[in-house]
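Structure, as structure tokens:
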Amino acid sequence: MRAVNLCADNHITLLHNGAAFFPALIAAIDAARIEIYLETYIFADDQTAQLVQQALTRAVQRGVAVRVIADWLGTGRQRSVSLQQEFTASGVMYRSFNPWFRRGVARMHRKICVVDRQVGFVGGLNIIDDMVSDDDLRQPLPAPRWDFAVGISGTLVNVIHIELEAQWLRLGEMKLLARFQQFKRTRFKGGGVAHGPASAGLVLRDNLRNRRTIQRAYLQALGHARQSALLTSPYFAPSRKLRRGLEQAALRGVDVTLLLGVGQFRLQDAVSHSYYPKLLKAGVKIVEYRKTALHAKVAVIDDDWATVGSSNFDGFSLLVNQEANVVVMDADFSRALRQQIASGIADGEPISADAFNHRSWRARLWHGTAFFLYRFLMRIITIGDGER
């Protein structure tokens, strides 16, 4: 299962929800001495986001070079303007990704941070409070958003740093950075369960060289699966290849379980439901999570393959957006993530194949229409892509 370029000797910390992620992120920012790169899809204007913003400002006041990229659509037009003004006033360098769709429809959906080339974070958490709905900031959630990130120290951090530096350069001109002969090591602090040393790799999705890398990583892991595969996503509309990969694994006797978020968008739920019949027929287990917003994009396959990142199982993540996942080859880390997914499954609602197959004709019509609309939209957006 070596579809990913792996780096050895990494310590990986699983961070569940903002309660673990934000204290770890802020602690790393407060320990920064040289530079910080931060990318996020959403940089909200709530109490949690303000704490992060204040930590970035404190870093600048210590002489740290701070560079932040936020997606224009995800963050919102007005918030992007205010962020630009506030960061500029405080000395933080800020760039908005693809304002007014000048680069087409692609979004920067990644959530990454690197501090002093020593500490890295990759995951699914935006800079937004766990209790605030990310599609309606006025709507509180019934429980903290269910999501994950990883904190990283080790050889992989430099790989992540190179990508973030390249992204910053791609978005505009920048003077040459002063090259330091030696970086002061930053000590990682924060909640979570640390595991290491582990082999891990950064898997990116873009519209140039890495158009199918994340999907390929999943397909190769599923192709080598022998015992079990637990996959979690809030938005589910897999490509034909990924759907077949799931079905073929189940037909080989692999225990394949999908934990899917539902309830945020009615049309998205209908699109997801249109894929259920064939998956259930092949023996794939499907569990819907309704306790709160499920935002996690994680998976564990067999005993030692796991991934945490920003990529959903839908066409936008797999074919349009810029995404970033970390693949971890480590039994202890996989076990910890498996336990978290299992707790989510226990809180979910299993979908019965018999009950689903006896849907009303109205439900079948709605699911079929949603699938048609989704496929039509993706063909327009990805015209010439050739993937679907």
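The values are calculated or read from the model by the stated rules, or taken from the named source; none is laboratory data. Bear in mind the structure is a predicted one, so any value in this text is a computation, not a measurement. Neighbour counts are summed over all protein chains in view; Cβ atoms, including those assigned to glycine, are modelled from backbone coordinates with ideal geometry. Surface areas here come from the heavy atoms of the whole protein model, side chains and all, with no ligands, DNA or RNA. Shrake-Rupley method; radii C 1.70, N 1.55, O 1.52, S 1.80 Å.
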When only C-alpha pairs under 8 Å and at least 6 residues apart count, what is the relative contact order of the range 205-382, in percent?
27
For the range 205-382, projected area of the alpha-carbon convex hull averaged over all directions, nm²
9.7
The answer for the net charge of residues other than Ser228 whose Cβ lies under 10 angstrom from its Cβ, with Lys and Arg +1 and Asp and Glu -1, is -1
Could you work out the relative contact order of the range 62-138, using alpha carbon pairs under 8 angstrom and six or more residues apart, expressed as a whole percent?
24
In whole Å, largest first, the alpha carbons of the range 10-186 cover along the principal axes 49, 35, 29
To the nearest 10 degrees, how steep is helix 240-251 against the longest Cα principal axis of the chain, on a 0 to 90 scale?
60
Rounded to the nearest whole Å², what accessible area per residue is found for the chain with the 1.4 Å probe?
44
Once both axes come from the Cα atoms, what is the angle between helix 77-90 and the longest principal axis of the chain, in degrees from 0 to 90, rounded to 10?
20
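For Asp135, Asp116, give me the order by solvent-accessible area with a 1.4 Å probe, most accessible first, ignoring ligands, DNA and RNA.
Asp135, Asp116
Which order, highest average first, do 203-214, 344-355 follow once you tally other Cβ atoms within 10 Å for each residue and take the mean per peptide? Working shown, then result.
Values: 203-214: 17.3, 344-355: 13.8.
Taking the mean over residues of other Cβ atoms within 10 Å, the ranking is 203-214, 344-355.
Find out how many positive minus negative residues lie around Ile341, taking Lys and Arg as positive, Asp and Glu as negative, among other residues whose Cβ is under 12 Å from that of Ile341.
On the way: positive: Lys297, Arg335, Arg338; negative: Asp347.
In short, +2.
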Before rounding to the nearest 500, sum -39500 (n - 2.57) across all DSSP H runs of length at least 4 in the chain and divide by the residue total; then give [θ] at 222 nm in deg cm²/dmol.
-12000 deg cm²/dmol
Relative contact order (%) - the chain, alpha-carbon pairs under 8 angstrom, separation at least six
21
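Report the gain in length on full extension from Phe376 to Ala166: 0.36 nm times residue separation, minus Cα-Cα distance, nm rounded to one decimal. The partial results should precede the final answer.
Values: separation 210, 0.36 × 210 = 75.60 nm, distance 3.37 nm.
Answer, rounded to one decimal: 72.2 nm.
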Test of understanding: what is the full-extension gain from Asp46 to His224, defined as 0.36 nm times their sequence separation minus their Cα-Cα distance?
59.7 nm
Separation in nanometres of the label points that stand 7 Å from Cα toward Cβ, at Gln61 and Arg138:
3.5
Take Met93 and Arg362, extend 7 Å from each Cα along the Cα→Cβ direction, and tell me the distance between the two endpoints in nm.
5.7
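Calculate what fraction, in whole %, of the accessible area of the chain sits on carbon and sulfur atoms when a 1.4 Å probe is rolled over the protein chains. Walk me through the numbers before you get to the answer.
On the way: 9030 of 17040 Å².
Result for the chain: 53 percent of the exposed heavy-atom area is carbon or sulfur.
Between Ser352 and Arg244, what FRET efficiency comes out of the Förster formula 1/(1 + (r/R0)^6) with R0 = 22 Å and r the beta carbon distance, rounded to 0.05?
Working: r = 23 Å, r/R0 = 1.05.
Efficiency at R0 = 22 Å is approximately 0.45.
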Using 24 Å as the Cα-Cα cut-off, could you pick out the over-long pairs in Lys111/Lys285; Lys241/Lys291; Lys241/Lys281; Lys111/Lys241?
Lys111/Lys285; Lys241/Lys291; Lys111/Lys241
Rounded, prolate or oblate for the range 37-139? Axes are the square roots of the Cα gyration tensor eigenvalues, ordered a ≥ b ≥ c, and the cut-off for rounded is a/c under 1.5.
rounded
